[in-house]
Amino acid sequence: MTLSRVLMAAPPLILVACAPAAQSDPDLFDRLSAYCGQAFEGEVTSEDERDADFASERLVMHVRECGETELRVPFHVGEDRSRTWVITRLPEGGLRLKHDHRHEDGSEDVLTQYGGDTVGPAGAIRADFPADAESQALFEREGIPVSMANVWSITLSEDSFIYALDRPNRHFAVEFDLTEPVETPPAPWGAED
């Protein structure tokens, strides 16, 4: 069979191969990026007595720094500006969540840069981040092996952002109202205004 007969026999295949790739739907990273520069107030929604200190404080998340592959989202608990969630887009389509913990002078806390990667590509609504090997080694070294089973999650709906931590016998969750932006807070510890 000549090449011209092969081409005539399979024109749909050629059209499909030459067609531009379809745009993928926005994933959680893209959707959260749309809130760049905005801050939102939240509340503890879990019912564990260990969360009473958090529940009694004003909780604010600020989608503060937005790059093509990294989002930095400080999480303020009252006057405590020590926490920043760092969400990174991975080359294979997954996401990484790390917790950047700082002291008031900007130096890193002993417990910092822990987190994990999604298993596979991130969806548009929810991402789960099981503790990675680096985090598990940190928790073991610091005498908190129970945290080795941590799975953090982010759930992003049309009107709320939920950050949660789960492990056996532990559930912590904070829900932020995305329909009512609030005044942006000061820079987190270790960052500049």
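The values are calculated or read from the model by the stated rules, or taken from the named source; none is laboratory data. In this text, all values refer to a predicted model and were calculated from it rather than measured experimentally. Note that we place each Cβ from the backbone using ideal geometry, even for glycine, and neighbour counts take in every protein chain shown. Only protein heavy atoms, including side chains, enter the accessible area calculation; ligands, DNA and RNA are left aside. Shrake-Rupley method; radii C 1.70, N 1.55, O 1.52, S 1.80 Å.
Could you pull out the GluC sites (Glu not before Pro) across the range 32-138 that fall in loop regions by DSSP (anything but H, G, I, E, B) with no more than 11 other Cβ atoms inside 10 Å? Those satisfying the criteria are Glu47, Glu68, Glu79, Glu92, Glu104. Each residue, Glu70 and Glu57, gets one label point 7 Å from its Cα in the Cβ direction; the gap between the two is 2.4 nm.
Round to the nearest 0.05 the FRET efficiency obtained for Glu92 and Met148 when R0 = 22 Å and r is the Cβ-Cβ distance. Intermediate values should be presented prior to the final figure.
Values: r = 24 Å, r/R0 = 1.11.
Using R0 = 22 Å, I get an efficiency of 0.35.
Over the chain, with every protein chain in place, what whole percent of the accessible area is carbon and sulfur at 1.4 Å, could you tell me? Please report the intermediate quantities before stating the final value.
On the way: 5790 of 11050 Å².
C and S fraction of accessible area: 52 percent.
Based on DSSP H segments of at least four residues, each scored -39500 (n - 2.57), the chain has a per-residue ellipticity at 222 nm of -4500 deg cm²/dmol.
What is the Å³ per residue value for the convex hull set by the Cα atoms of the range 72-134?
On the way: hull volume 6.3 nm³, N = 63.
Normalising the Cα hull of the range 72-134 by residue number yields 100 Å³.
A Förster radius of 25 Å, combined with the Cβ-Cβ distance separating Ile125 from Glu49, puts the computed FRET efficiency at roughly 0.25. With every protein chain in place and a 1.4 angstrom probe, the accessible-area ranking of Phe29, Phe54, largest first, reads Phe54, Phe29. Principal semi-axes of the equivalent ellipsoid, √(5λ) from the alpha carbon gyration tensor of the range 40-100, are 26, 13, 9 Å from largest down. The C-alpha atoms of the range 65-193 occupy a region whose extents along the principal axes are 38, 36, 31 Å, arranged from largest to smallest. Relative contact order of the chain, taken over Cα pairs closer than 8 Å and 6 or more residues apart, is 20 percent.
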